[in-house]
1. Just give me the residues in region 49-65 being in a helix (DSSP H, G or I) and either surrounded by fewer than 13 Cβ atoms within 10 Å (Cβ to Cβ) or free of Cβ contacts under 8 Å to residues at least 40 places away in the same chain (or both), in sequence order.
2. Looking at residue 111 and the list (1) surrounded by 11 or more Cβ atoms within 10 Å (Cβ to Cβ); (2) assigned by TED's automatic domain parsing to the domain that holds residue 177; (3) out of contact with any helix residue (DSSP H, G or I) (no Cβ under 6 Å at 6 or more places or on another chain); (4) not in a strand (DSSP E or B), which single condition is not satisfied?
3. Taking region 144-194 on its own, how many of its residues are crowded, with 19+ Cβ neighbours inside 10 Å and free of Cβ contacts under 8 Å to residues at least 24 places away in the same chain?
4. Somewhere in region 122-131, is a residue more than 21 Å from residue 5 (Cα to Cα), modelled with pLDDT of 95 or more and not assigned by TED's automatic domain parsing to the domain that holds residue 19?
5. For region 1-40, which residues satisfy the criterion of being on the phi > 0 side of the Ramachandran plot, in contact with a helix residue (DSSP H, G or I) (Cβ under 7 Å, 6 or more places away or on another chain) and modelled with pLDDT of 95 or more?
């Protein structure tokens with residue numbers, strides 16, 4: 001079984017942001033297996049000819065036994081509403097292939113498009129993205145995400161977003177939000193009014 005996962009965006013045959021993916025893979029591999037040895041993704045990806053046009057999602061599964069890479073054309077989901085759910089029991093600090101705990105939480109979305117997970121009284125992530133919120137002057141993201149995404153890490157390093165401690169009661173301070181991950185670049189996302197986050 002290959003337990004760890006990276007989701008890599010490919011644009012017209014070119015894998016994006018591989019340095020950020022590699023850094024997270026090395027960290028995850030060491031934490032999971034207790035040793036170095038993560039595969040070097042830039043040396044291993046060979047995008048099939050059929051997937052060299054448009055936006056493609058690569059699921060790169062890896063572990064001690066090796067790796068697999070699967071490709072599919074990517075069509076983003078349209079997310080317009082979020083439901084706050086409690087995830088105090090949830091641990092997803094590494095990007096695992098097994099998403100069953102997240103899928104269980106999704107059953108609580110109560111007619112909304114997606115969930116927004118609260119742990120220890122603080123906003124974290126949706127089931128598959130980090131969140132950034134706009135307060136009228138700047139974009140911020142929770143300091144304690146469920147999973148520290150590569151897009152989030154890059155935007156923080158560039159100073160385009162800032163980390164903040166965000167409780168559910170703080171949401172009224174914000175005007176809008178965007179959802180980001182490797183497949184959903186910040187600048188390509190539509191802002192959604194924060195009122196679409198339901199308690």
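1. As a first pass, look at region 49-65 and keep what is in a helix (DSSP H, G or I): 49-51.
Within region 49-65, 49, 50 meet the criteria.
2. In the conditions (1) surrounded by 11 or more Cβ atoms within 10 Å (Cβ to Cβ); (2) assigned by TED's automatic domain parsing to the domain that holds residue 177; (3) out of contact with any helix residue (DSSP H, G or I) (no Cβ under 6 Å at 6 or more places or on another chain); (4) not in a strand (DSSP E or B), residue 111 misses (1) alone.
3. The number of residues fulfilling the criteria is 1.
4. Going residue by residue through region 122-131, those that are more than 21 Å from residue 5 (Cα to Cα) are 122-123.
Still in the list and also modelled with pLDDT of 95 or more: 122-123.
Pick out the ones that are also not assigned by TED's automatic domain parsing to the domain that holds residue 19 and you get 122-123.
Yes, there is a match, as at least one residue in region 122-131 is more than 21 Å from residue 5 (Cα to Cα), modelled with pLDDT of 95 or more and not assigned by TED's automatic domain parsing to the domain that holds residue 19.
5. 17
The values are calculated or read from the model by the stated rules, or taken from the named source; none is laboratory data. None of the values given here were measured: they were computed from a predicted structure. Cβ sites come from the backbone with ideal geometry, for glycine too, and all protein chains shown count toward neighbours.
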